[in-house]
């Protein structure tokens, strides 16, 4: 009787927490009411005199990578918002500039290791540059997204050109068209982010990176697809030995990046990930970190996992982006319902935050709710440069 009552109660709860399709995707392509308070909080935080908050310091203590990722997702989110709301684009560009300028200044002053886990110093890098593709790719993508809005800063043109040259040199140096994020450690997540940045640059500057893109895609299809699931693995060495198999906290972002590189491959990866990792209980969605075929223990990327159902914080957060990227509104609604029920949302005036989240989680959620226009603008720009239809 108790179980039945609980099931009925949860079924009724989804009526309050699960958003409708129009709430998630307003027909006029405007910013949804769900995203608005998240935008206002981020704008207020980065418009303050001191952008570095105790929340950021706590997050960095767990994983300094999350600091850079939070910045990247926020810039990508605000770029999409600016394209949706041209009347406020100037305000969003100012915030984006502050994020990027602060990021580059920190990297210049403290080195790329500031955004890396300590084991980056545990052994020697293979490539002589000793640079992390994780850092170079995320900075390049931020700057490229900013330039898609306004191409009015010569220093940003220079930064993107330098980062693109570094990415080309590192990824092109080896037989597998990949580069290290950590010593002899390549991450599919980071390699696709870097390639996405190069794709955006193609539309901006007319400089083709197609040969490198196709080399990576060819190798990925041949050697980086897990045989038991058909999903791309998460990490591998510079000689192509797989280190870690598919992960929910990686594959959804990889599919999102692949949408700029090979749409069919991207859709295949998202469909497989949704089938193998996504779940839903009485209208409340979640995602697992690992497929049932290859379970593993929790790590720094995955975050906490709910026993029995296997719902994972990191995977569920990135699953939001996957659903948003491929216009999977039903899956997105279920994931948002779970967030509203279990992540302890708090309204503070015009802003909103989640007590169970952090800066990177909030930025991923925002990007999931507003993304779309940026990738579409890149495709139009590339088609125009190629002489194709606008």
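Summary of values
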| read-out | value |
| --- | --- |
| Long-range tail of P(r) for region 218-300 (Cα pairs > 22 Å, %) | 24 |
| Alpha-carbon centroid distance for the pair region 120-169 / region 230-245, whole angstrom | 23 |
| Label-point gap, in nm, between residue 44 and residue 214 - each point 7 angstrom along Cα→Cβ | 5.1 |
| Net length gained if the chain between residue 264 and residue 151 were fully extended (0.36 nm per residue, minus Cα distance) | 37.6 nm |
| Debye intensity ratio in log₁₀ form over the Cα atoms of the chain, taken at each q of 0.08, 0.10, 0.11 Å⁻¹ | -0.39, -0.62, -0.76 |
| Measure of compaction for region 30-223 (Cα Rg per 2.2 N^0.38 Å) | 1.05 |
| The chain - mean residue ellipticity at 222 nm from DSSP helices (-39,500 (n - 2.57) per run, n ≥ 4, rounded to 500) | -19500 deg cm²/dmol |
| Extension gain from residue 87 to residue 184, taking 0.36 nm per residue of separation minus the Cα-Cα distance | 30.3 nm |
| Gained length - residue 379 relative to residue 28, 0.36 nm times residue gap less alpha-carbon distance | 124.3 nm |
| Gaussian network model of the chain, springs between alpha carbon atoms under 10 Å - residue of 265, 189, 134 with greatest fluctuation | 265 |
| Candidates 176, 96, 251, ranked by Gaussian network fluctuation over the chain, Cα under 10 Å, top entry | 176 |
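Here, each number is a calculation from the coordinates, and none is a lab measurement. Predicted model only: the values in this text are computed from it and were never measured. In this analysis, Cβ positions are derived from the backbone assuming ideal geometry, glycine residues included, and neighbour counts consider all displayed protein chains.
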